[in-house]
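Colleague: First, the structure itself, so that you have it in front of you.
Throughout, read-outs are computed from the coordinates displayed, never taken from laboratory work. Note that the structure is predicted; figures quoted are calculated from it, not measured. Please note: Cβ atoms are built from the backbone with ideal geometry, for glycine as well, and neighbour counts cover all protein chains shown.
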Amino acid sequence: MPELPEAETVRRQLEQQLVGRKIIQSWARLPRITFPNIETFARETQNQTIIAAKRRGKQIYFPLSNGQNLLIHLGMTGQVRVIPGEAVLLPDSFHKHIHAALALDNSTQLIFTDPRTFGKIGVSVELPFLQTMGPEPLDEDFDAHALAQKLAGRATKIKNALLDQKLVAGLGNIYADEVLWLARVHPETHANNISTRKMREIVGHMKPVLERAIAARGATLQDGGYQDVFGQYGEYHPHAYGNTGKPCERCGAPIQRGVLGAGKSGRSFHFCPKCQKRKEAK
DNA sequence: ACAATTACCTGTATGC
DNA sequence: TGCATACAGGTAATTG
């Protein structure tokens, strides 16, 4: 699923494709995922020039010439494509999973697809997530010690803490499992039971693993999974996530899968039972 | 302020 | 073959 490396891959590609382009026509069809509503989205994007392509955590956004921002969150199964197109959008011809489209002034179209509709697309002048979201692991002034201290203050399990976008931006199931595998920490270890040294190790793995994943254009877990703007799969292969039953690349023990939280809304985690032993009483 | 739980959604996989 | 059920999880909203 799209996390920081996948969002950054898409951002970089869209930066090349979109910046400087003028939006000629805009269309969306699903009120639930279009904000603030379909009419405003269409009105406030049309005839605007795209100034820049930015990202914060998993959120991608584009400042427009009228002071608005075009925002895209890929959610679970969201994808954006840039395709050669016509000057006029033909929504009747769109596949049912296409929920928004922008026609640009160079005869290309930006297409937003999302079968599971957990993604979002819309416009907003304000960007409140810039304030509420936790630090960016790839920022130059990223303070690893401060983050380690913040995480260590939490009573919840470390995997849950890493997924909390208010504590640190951009990690999802794949890369949270990944940094815990790299640091040899069991995902169910309570954050406040992790030593300062070990917590700094966890935090220290964030930047390198995210950069490696970006270099591979993200991770695609299965056929039909995450694809970039050109329809290409990501080539980063996680060590833990999705590897249930396969040998750990460090020690050979089979990777195990577990579930955090209650049944229906439980979140899976993946770990090596030999490298990532629990070091506390339940 | 924090932690835990639930709802949202549908293509794919699995079971009978 | 067909139908029913389970599963996937980022985020917002709700509850304690």
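Colleague: Using the Cα centre of segment A:4-132 as origin and beta-carbon charges of +1 (Lys, Arg) and -1 (Asp, Glu), tell me which of A:115, A:14, A:31 is placed farthest towards the positive end of the dipole.
Modeller: Checked the options; the winner is A:115.
Colleague: D for segment A:11-88, whole µm²/s, Stokes-Einstein with Kirkwood Rh over alpha-carbon pairs at 37 °C and 0.692 mPa s: what number?
Modeller: So the translational diffusion coefficient is about 248 µm²/s.
Colleague: Further, regarding this structure: Hey, any idea what the orientation-averaged projected area of the convex hull of segment A:145-194's Cα atoms comes to, in nm²?
Modeller: 3.1 nm²
Colleague: Also, I was wondering about something else. Residue A:19 to residue A:37: extension gain in nm, 0.36 nm per residue of separation minus the Cα-Cα distance? Let's see the in-between values first.
Modeller: Numbers: separation 18, 0.36 × 18 = 6.48 nm, distance 2.42 nm.
Once the chain is fully extended between residue A:19 and residue A:37, it gains 4.1 nm.
Colleague: Averaging the inverse of every distinct alpha carbon separation and then flipping it gives the Kirkwood radius. What is it for segment A:35-154, in angstrom units?
Modeller: The answer is 16.2 Å.
Colleague: Would you give the gap between the C-alpha center of segment A:139-162 and the C-alpha center of segment A:224-280, rounded to a whole Å?
Modeller: What the calculation gives is 21 Å, centre to centre.
Colleague: Given R₀ = 25 Å, FRET efficiency for residue A:29-residue A:83 by Cβ-Cβ distance, to 0.05?
Modeller: 0.90
Colleague: Want the number for residue A:90 to residue A:190: 0.36 nm per residue separation, take away the alpha-carbon distance, what's left?
Modeller: 30.8 nm
Colleague: Something else: In nm, to one decimal, how far is the modelled label at residue A:232 from the one at residue A:130, with both set 7 Å along Cα→Cβ?
Modeller: Each label point lies 7 Å from its Cα, and together they span 3.1 nm.
Colleague: Another question, if that's okay. Report the Stokes-Einstein translational diffusion coefficient (µm² s⁻¹, integer) for segment A:121-245, Rh taken as the Kirkwood radius over Cα pairs, at 10 °C with viscosity 1.306 mPa s.
Modeller: Roughly 102 µm²/s, to the nearest whole number.
Colleague: Report Rg (one decimal) and Dmax (nearest whole number) for chain A, counting Cα atoms only, units Å.
Modeller: 20.0, 64
Colleague: List the lysines whose alpha-carbon lies under 19 Å from that of residue A:277, not counting same-chain residues fewer than 8 positions away?
Modeller: Within reach: A:157, A:159, A:198, A:246.
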